[in-house]
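Just so it is clear, none of the values below were taken in a lab; they were calculated from the coordinates. Computed from a predicted model, the values in this text were never measured in an experiment. We place every Cβ from the backbone using ideal geometry, glycine too, and count neighbours over all the protein chains shown.
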Amino acid sequence: MDLIKTLAYAGLGLAKQTNDKMKTQFDELVEVGKKADTEGKNLVGDFFKTVDSTKEELEIQISKGKNKLEEKFPFIKDFEDRINELSKMEKETEAKEETTNNENVEEATVVENNTK
């Protein structure tokens with residue numbers, strides 16, 4: 001009977017020790033994960049800040065280059081204005097065509113319903 005008690009206590013001690021070690025290791029892993037998450041956010045955040053600032057700098061340089069070209073070659077501005085005007089006209093034409101198509105579909109539906 002003493003042997004069974006001893007084995008039971010040994011099993012209980014082993015379970016307690018394992019539980020304590022697992023809890024400690026789990027807590028350590030949580031801390032490492034939190035630290036990695038914080039550092040990861042900083043890395044990702046820094047990356048996007050760098051990308052944003054580089055993008056802004058590039059846009060400024062492109063704008064300056066465009067302005068210099070327009071000063072040297074004034075017809076470029078006229079050409080750009082004409083392209084924008086044509087683009088606007090094209091969009092208006094597409095919108096009119098869309099409206100006409102929708103009206104034709106509605107008219108065809110009415111005619112179809114009246115023939116039934």
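Numbers below:
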| read-out | value |
| --- | --- |
| Among the listed pairs K41/K64; K64/K88; K68/K96; K72/K96; K49/K77, those beyond 31 Å (Cα-Cα) | K41/K64; K68/K96; K72/K96; K49/K77 |
| Degrees, to the nearest 10: 2-72 long Cα axis against longest axis of the chain | 20 degrees |
| Dipole magnitude of the chain, debye to nearest 20 (Cβ charges: Lys/Arg +1, Asp/Glu -1, about Cα centre) | 1040 debye |
| For P(r) over Cα pairs in 10 Å bins from 0, in percent, calculated from these coordinates, the label among [x] 13, 37, 25, 16, 8, 1; [y] 10, 12, 11, 12, 12, 12, 10, 8, 7, 5, 1; [z] 14, 47, 31, 6, 2, 0 | [y] |
| Angle between the chain longest axis and helix 75-115 axis [Cα atoms, degrees, rounded to 10] | 90 degrees |
